[in-house]
Each structure stands twice: as C-alpha cells, then as structure tokens.
Amino acid sequence: MKVAWAGSRHAVEVADRMACLVASDPVFRKDTRTMLSRKELFKDTLKKAAHAWKRTVELHLTEEEANLLRLYIDQPGYVDLHWVMFVPAIKGQGTEEQQKKWLTMAYKFQIIGTYAQTELGHGSNVQGLETTATFDPSTDEFIMHSPTLTSSKWWPGGLGKTSTHAVVYARLITEGKDYGIHGFIMQLRSLDDHSPLPGITIGDIGGKFGSGAYNSMDNGVMRLDHVRIPRDQMLMRLAQVTREGKYVHSDVPKQLLYGTMVYVRQTIVADASRALSRAVCIAVRYGAIRKQFGSKAGGPETQVLNYKTQQSRLFPFLASAYAFRFVGQWLKWLYTDVTQKLESKDFSTLPEAHACTAGLKSVTTSATADAIEECQKLCGGHGYLNSSGLPELFAVNLPACTYEGDNVVLLLQVARFLMKTVSQVASGKQPVGTTAYMGNIQHLMQCKSVVNTVEDWLNPAAIKEVFEARALRMAVNCAQNISKAPSQEEGFSELSPDLVEAAVAHVQLIIVTKFIEKLQEDILGHGVKEQLQKLCGIYALHLIHNERLGKLYAQVRPNAVALVDAFDYTDHYLGSALGRYDGDVYSALYKEAWKDPLNETVVPDGYQEHLRPLLKQQLKLSRL
Ligand SMILES: CCCCCCCCCCCCCCCCCCCCCCCC(=O)SCCNC(=O)CCNC(=O)[C@H](O)C(C)(C)COP(=O)(O)OP(=O)(O)OC[C@H]1O[C@@H](n2cnc3c(N)ncnc32)[C@H](O)[C@@H]1OP(=O)(O)O
Ligand SMILES: Cc1cc2nc3c(=O)[nH]c(=O)nc-3n(C[C@H](O)[C@H](O)[C@H](O)COP(=O)(O)OP(=O)(O)OC[C@H]3O[C@@H](n4cnc5c(N)ncnc54)[C@H](O)[C@@H]3O)c2cc1C
C-alpha cells in the first residue's frame, strides 16, 4: 500500500531517506514550535531554511530530494515563495535572456524572490490591481508606483522581512494608455545590508491565525514611491514595450499571465491530500488506542475506533485522503502534458487545465480544512492540545482555501467553463477530456440507476454513471435557468450558488473517475487492490448515499491502522503525541505538557502582583 500511495518503490525509498534525514537533525526539531514568540519562530525559520540549503548543497540533493527535504521540515517560509512562485513566474513569463540572467542567481540563492500580486484592496480581482508601471522613454525605465493606500502590496510571503527581489504585478502604462496587468522584476532590498531600496516602504503584515502555524512566514506589505527600474525588467515573453514605448503583444494567449497560479494550484492539491492524510493518521491511530466504556456485561473497554459513529465520521476522510492523492498524481501529469503542448504553441488544452486545477484546488482544500477540524473532535479533548499536532495542522492548511484563489471564486471559474461546454454540446460540438461525458447527454439526462444493494454500488461503471448524470443534470439545469435571465451576466450572478454546486459535482466526478482509473492499473501486493476498491466505494458513496455504508466501514475497520501506516509518516513529521507509531500516547502527552513555558516555574509569573493580593483580599473578606 505504501507503493500505491507514493506512486513507485523509488518514491517510497527517497521519501523515507529524506524524512529520516530531517527527523535525525536537531536543527529541524519542531516539538516546541507553538511555544515560541513570533520573533523566535521567524528566526528559527531562517535558521532551518539556511541549514536546509547547506545540506542540499553538501549532499548534492536532486530537485526531487530537495523538495522532500523542505516538505518534511514542515515549516512555511520564504523559500516556498522563492521556489514555487518567483522562479516559475520568471520561467513562464520571462524571455530566454531574462531567464538566463535572473534564474542563474535565483538557483544559487544569490537573490531571494517572492510573488507580489495581491494588494490591500484587491486579491481575487486581479484586473482590479492598482499599482502602476509607467514607461518613461526619456530614461528607458518604468516608474513603479503605489498611487493609493489600497494599492499597497499586501500578503506576499517572504516579502515582509526576507525577499531581496519580487515579481511585482502592476498596470502597464505607456504612451498614455493603460494596457492592464503585467509582471515586472524588482529589486527590493540592498544585497549588502538588506535595507529597503530608496522609495520602497516594506514590512510584515502581522500575526496570523493559530500558534506556530503560518506565523513562521513573513507575509508582507509594500508601498512604492516612483521607483525606477530598467525597461528590460518587464517580463517580456507575453508582451513587450519597445525602446520607443510601443506596446507589442506576442502571439500567446494573455491568460498565460496567470500561468504561475495554475502551476501552484496543481501543487496545492498534493499538499491537501498530505495534510488530510496526516490528520486521518492521527485520528485513526489514536482511535485504536483510546478506550471508553465497555459492554454492560463488563469486560474490556471499547476502542473508540470500533464505534460505528466514529467510523462513519472518520472513514470517509481516510477514503478522501487516498482519492485526493490519486487525483493529485493525475493532475501533475495533466499539468506536465499541458506545459509540453504550450511549448509547441498548442494552447487548446489551457481552458481545461485552468478548470481542473482551479476546481480540484478548491474542492480538496475545503474538504481538507473541514476534515482536520473534525479529526480534532474525533480525538476528543486531547485533540485540542497543541501536542496532538491537529491545531497547527488546521491553522497551516486553512488559508489554502483562500490563497492561490478563493475557493468560491475558483469554483465560479469552473462553472463558467461548464456553461461554455454545455452550450458547445448544444451546438453539436463533441466535448473532450474531463468533459467528454457531456457528449453522452441523451442517455445521462434520463437514465435511472439500477443499483439497489451495497454490492451493486461497488460496481465502478454504476458509480461513474451516477456521478456523470448528477454533474451533467446540474450543469444543464443551470444553463437552462441562465438562458431565462434578462442577460447572461445577470443569470450567472443570480444562479451563482447553484453554479458552485454544479462545479463541485463536476470536480467530484473527476476525483471519482481518477480513483476508478487507478484501480484499473497493475497494483502490486496481496489485498491492496481490494482495500482500495473499498475506499473508492466509500469516497464515492459518502458524497451521495451515506446510509448504506455501514457494511463497508466494517470491512475497512480491520485494516484501518495499516491503511494510515501506509502514508509512511515519521513521528517527527506527524508531530503528534496522539498519532505516535508506537501508540504510547499517554506518556507522550504527559511528557509534552512539561515542555510548556508556563511550567518553567512552579509558581507562575504574575502570582505576586495579581493572584496573591486577590486571594489575600478574599481571605480577609471571608473573615469579616
Ligand atoms: C536542486 C535545488 C532545487 C531546490 C529545490 C528546493 C525545493 C524547495 C521547494 C519548496 C516547496 C514548497 C512547498 C510549499 C507549497 C505551498 C506553497 C503555497 C504557497 C502559496 C502562497 C500563496 C500565493 C498566492 O496566493 S499568489 C496570489 C494568487 N491570487 C489569485 O489566485 C487570484 C485569483 N484570481 C484569479 O485567478 C483571476 O483574477 C480570476 C480567474 C478569478 C478572474 O480573472 P479575470 O477577471 O482576468 O478573468 P475572467 O474575465 O474571469 O476570465 C478571462 C478568461 O481567462 C480565463 N482564465 C482565468 N484564469 C485563468 C488561468 N489561470 N489560466 C487560464 N485561463 C484563465 C477565464 O476562464 C476566461 O476565459 P474565457 O474563455 O474568456 O471564458
Ligand atoms: C496565508 C496567505 C498567503 C498569501 N500569499 C500570497 C502571496 O505570496 N502573494 C500574493 O500575491 N498573494 C498572497 N495571498 C493573497 C491571496 O492570494 C488572496 O487573499 C486570495 O486570492 C483571495 O483574495 P482576497 O483576499 O481579495 O479575497 P476577496 O476576494 O476579498 O474575498 C472575500 C470574500 O468575497 C467572496 N468573493 C470575492 N469575489 C467574488 C465573486 N466574484 N463572486 C462571489 N464571491 C466572491 C469570496 O468568496 C470571499 O468569501 C496570500 C493569502 C494568504 C491568506
């Protein structure tokens, strides 16, 4: 099962090696992280990042190994933005010459970059950004400026205190005309003493949700006051400004400006499956250790994992972790395929790639955040302790519902794509890829499901048909209702809640389909395929038909712990007293409690000033 989860034996081996490297290095300790002050946590992040880079160079780690090293260090920091957004933005939007110049420095960490798009006033509406880049032909420079308070850059990770450079998104103005949003490379801080360059005001935006968690990241604010940069620092693959100031657009679609976001959304799906699997791992292992009550006739207490209510709340998450993992692996393939097509100037699959990445990012991150919260409840009181690992896991993953595109905004993008496809089908065009099922419209609009028993529901063809019919009917229903509205725009707005539901149904169909396709692959190991078939059934059916699932849960229960062991997480990475591999939960909880700074003294600070006088006063009053 470890191989099925990881994708290959090689993937298991590399992941194990990198996880052990991190777990055995004292610099990467994280057990007291939630007790650090913001300043201490930030410094700790700088130390870990520098040490990780040192180890990467010393050990000549490959990109795959370095990625895993960062993953197991498990602490958000500036390096994430540098590698996941700054470098890809230059790769996707820079000319070959620009890539050569900037990426050479970025690959060696001679510069640290971030992705500065969002502003105080606008995040979702990228076209509404206000920062300006006005071309001055007299000096061959752009003047970068924040004209209003709301145009302050706000949120970019690593901007607050670390980044020396950024790809800054701004409205390009030349020859008096506004050509909309474009990307520019800007140096922000001196490479000698790290002070901000003239005209740049920069800082951290402040503490965020939860202790530890995303507070390791210096999300930043930046104001620009007529800062000049050379013309060749506009990223010029999609459009150029000539020496004379003439705007020239290349023959590539302007949506490629959003390419970095498509790339990152795809990686976020993999992050979501990992976060969900960690929460499930903790809740399942702990559920096997925790005992409450026994039978009325006496005898041993019951493992809480044996309660049917526990199983019906928890096993759909276990199934979802596998489902998201497999769809994430497929999405990575889709992204690579689209990128290769783009390189040969085939842009035909771009809309589908956008819809798939936006939709899957949205559905998987929302489900993951909800599931982590529920796993906390599934662990009872102990799940609420930082030492369970769950509060921090929740706080770190919750913003994934917002960053890289608010989940509702992204689902509306999927809905827009679906409405277009429905109208194309109506005019006789055969849909392809993940919308190919819509071509079967005659059948799917009227078919009736023939399934009755739990066993019938495990037939992949039956499951798929139900999901296809559901998704298509919801989309067609929305399209019909929109067509009755006074205008397309009004109809879309009025029906937006239904459109979001239709988009979710379409995305869930993709997830179910990819799980079924995974089951058709050669899967090694005795009983592995059978377990995955059960999980696939649970994932699909819990979305539409929760009542009949009891039988399936009972079949998964005997292997539940093994199914989470297959995630292959070290105790260090899991970071949970409840989810320990050896099950020694109670001594771990007890030990963790003594690490809290409040326990550094037996009598707490504040006793003399506040507690003692209060107690003395009460004593006096009671004697009166
Ligand atoms: C060996 C050494 C190696 C060392 C390696 C070391 C490794 C270290 C690795 C580190 C690993 C780190 C792991 C951590 C991973 C996690 C990190 C995650 C961190 C994330 C931080 C978050 C960053 C951000 O949030 S950045 C800001 C993101 N902002 C958004 O997402 C904004 C959302 N808004 C939008 O996307 C748009 O504005 C939108 C789409 C909502 C509306 O846009 P617009 O108004 O312009 O468009 P429309 O009119 O609606 O559409 C026009 C047209 O375009 C189509 N379209 C829209 N978007 C796209 C797209 N992206 N792609 C393609 N097409 C698009 C749309 O469908 C329309 O098409 P039509 O045909 O016209 O309908
Ligand atoms: C932890 C974190 C890290 C981030 N890192 C970066 C970064 O590195 N670089 C960067 O540039 N940005 C970053 N961001 C910003 C992030 O990308 C934006 O917050 C995100 O795109 C959402 O935009 P917003 O904040 O403007 O939300 P808003 O759009 O203001 O959303 C507010 C509410 O309005 C709703 N809404 C908005 N538009 C519509 C609509 N058309 N229809 C229906 N409902 C709508 C949303 O669903 C939401 O409920 C980060 C954010 C966070 C939280």
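The values are calculated or read from the model by the stated rules, or taken from the named source; none is laboratory data. Worth saying up front: this structure is predicted, and the values here are computed from it rather than measured. Reconstructed Cβ throughout: ideal geometry from the backbone, glycine too, with neighbour counts over all protein chains shown.
Points worth noting:
- Residue among Thr339, Thr402 that is modelled with pLDDT under 95 and over 26 Å from Leu563 (Cβ atoms): Thr339
- Hits in segment 123-144 (condition: more than 16 Å from ligand 1 (Cβ to nearest atom) and either under 26 Å from the mean Cα position of the chain (by Cα) or touching a residue at least 60 places away in the same chain (Cβ under 8 Å) (or both)): Ala133, Phe135, Asp136, Pro137, Thr139, Asp140, Glu141, Phe142, Ile143, Met144
- Checking every residue in segment 61-68 against the condition of being at positive phi and more than 8 Å from ligand 1 (Cβ to nearest atom) gives zero matches.
- Check on Glu609, part of a helix (DSSP H, G or I) and closer than 18 Å to Asn386 by Cβ: no
- Segment 153-263 holds no strands (runs of 3 or more DSSP E) entirely within its bounds that carry 2 or more residues that are within 13 Å of ligand 1 (Cβ to nearest atom) and of a type in the set (Asp, Glu).
- Of everything in segment 394-450 that is buried (at least 20 other Cβ atoms within 10 Å of the Cβ) and among the β-branched types (Val, Ile, Thr), the residue that is nearest to ligand 2 (Cβ to nearest atom) is Val396.
- Residues in segment 148-196 that are closer than 21 Å to Gly206 by Cα and hydroxyl-bearing (Ser, Thr, Tyr) were compared, and the one that is surrounded by the most Cβ atoms within 10 Å (Cβ to Cβ) is Ser163.
- Each residue in segment 401-434 was checked for being hydroxyl-bearing (Ser, Thr, Tyr) and in a helix (DSSP H, G or I), and 3 of them qualify.
- Enumeration of residues in segment 197-218 that are touching a helix residue (DSSP H, G or I) at 6+ places or on another chain (Cβ under 7 Å) and surrounded by fewer than 14 Cβ atoms within 10 Å (Cβ to Cβ): Gly207, Phe209
- Hey, Glu517 away from ligand 1 (no atom under 16 Å from the Cβ) and either outside any helix (DSSP H, G or I) or outside the structural domain of Arg274 (by TED's automatic domain parsing) (or both) or not: no
- Matching entry among Thr95, Thr114 (being in the same structural domain as Ile205 (by TED's automatic domain parsing), in contact with a helix residue (DSSP H, G or I) (Cβ under 6 Å, 6 or more places away or on another chain) and hydroxyl-bearing (Ser, Thr, Tyr)): Thr114
- Any helices (runs of 4 or more DSSP H) falling wholly within segment 539-603 and containing at least 2 residues that are of a type in the set (A, V, I, L, M): 550-556, 560-565, 585-593
- Hits in segment 356-407 - residues which are away from ligand 1 (no atom under 13 Å from the Cβ), basic (Lys, Arg) and under 17 Å from the mean Cα position of the chain (by Cα): none
- Leu552, sole failed condition from (1) over 28 Å from Leu418 (Cβ atoms); (2) surrounded by fewer than 21 Cβ atoms within 10 Å (Cβ to Cβ): (2)
- Within segment 14-49, tally of residues that are among the small types (Gly, Ala, Ser), over 18 Å from Leu574 (Cβ atoms) and either assigned to a loop (DSSP other than H, G, I, E, B) or at pLDDT below 95 (or both): 1
- Residue selection: Gln266 satisfies the criterion of being under 30 Å from Gln329 (Cβ atoms), within 16 Å of ligand 1 (Cβ to nearest atom), in contact with a Cys (Cβ under 9 Å, 6 or more places away or on another chain) and not in a loop (DSSP other than H, G, I, E, B).
- On inspection, Phe109 does not qualify as crowded, with 19+ Cβ neighbours inside 10 Å, among the aromatic types (Phe, Trp, Tyr) and more than 10 Å from ligand 2 (Cβ to nearest atom).
- For segment 19-47, filtering for residues that are more than 21 Å from Lys595 (Cα to Cα) and under 23 Å from the mean Cα position of the chain (by Cα) leaves 3.
- Put simply, of Thr357, Thr364 the only residue that is in contact with a Lys or Arg (Cβ under 7 Å, 6 or more places away or on another chain) and among the hydroxyl-bearing types (Ser, Thr, Tyr) is Thr357.
- A Cβ distance below 8 Å, combined with a sequence gap of six or more or placement on separate chains, defines the contacts here; from segment 101-122, residues that are charged (D, E, K, R) reach residues that are assigned to a loop (DSSP other than H, G, I, E, B) and more than 9 Å from ligand 1 (Cβ to nearest atom) in the pairs Glu119/Leu129; Glu119/Glu130; Glu119/Thr131; Glu119/Ser152.
- Filtering Leu81, Leu61, Leu68 for residues that are under 30 Å from Gly527 (Cα atoms), of a type in the set (A, V, I, L, M, F, W, C) and at pLDDT 95 or above leaves a single hit, Leu68.
- Of the candidates Asp251, Asp232, the single residue that is among the acidic types (Asp, Glu), at pLDDT below 95 and away from ligand 2 (no atom under 16 Å from the Cβ) is Asp251.
- Among (1) more than 30 Å from Leu393 (Cβ to Cβ); (2) away from ligand 2 (no atom under 16 Å from the Cβ); (3) buried (at least 17 other Cβ atoms within 10 Å of the Cβ) - the single one Val269 does not satisfy: (1)
- Only a single item in (1) touching a residue at least 40 places away in the same chain (Cβ under 8 Å); (2) touching a helix residue (DSSP H, G or I) at 6+ places or on another chain (Cβ under 9 Å); (3) more than 14 Å from ligand 1 (Cβ to nearest atom); (4) of a type outside the set (Phe, Trp, Tyr) is not met by Asp80, and it is number (3).
- Of all residues making up segment 83-120, the number that are in a helix (DSSP H, G or I), within 18 Å of the chain's Cα centre (by Cα) and near ligand 1 (Cβ under 8 Å from one of its atoms): 3
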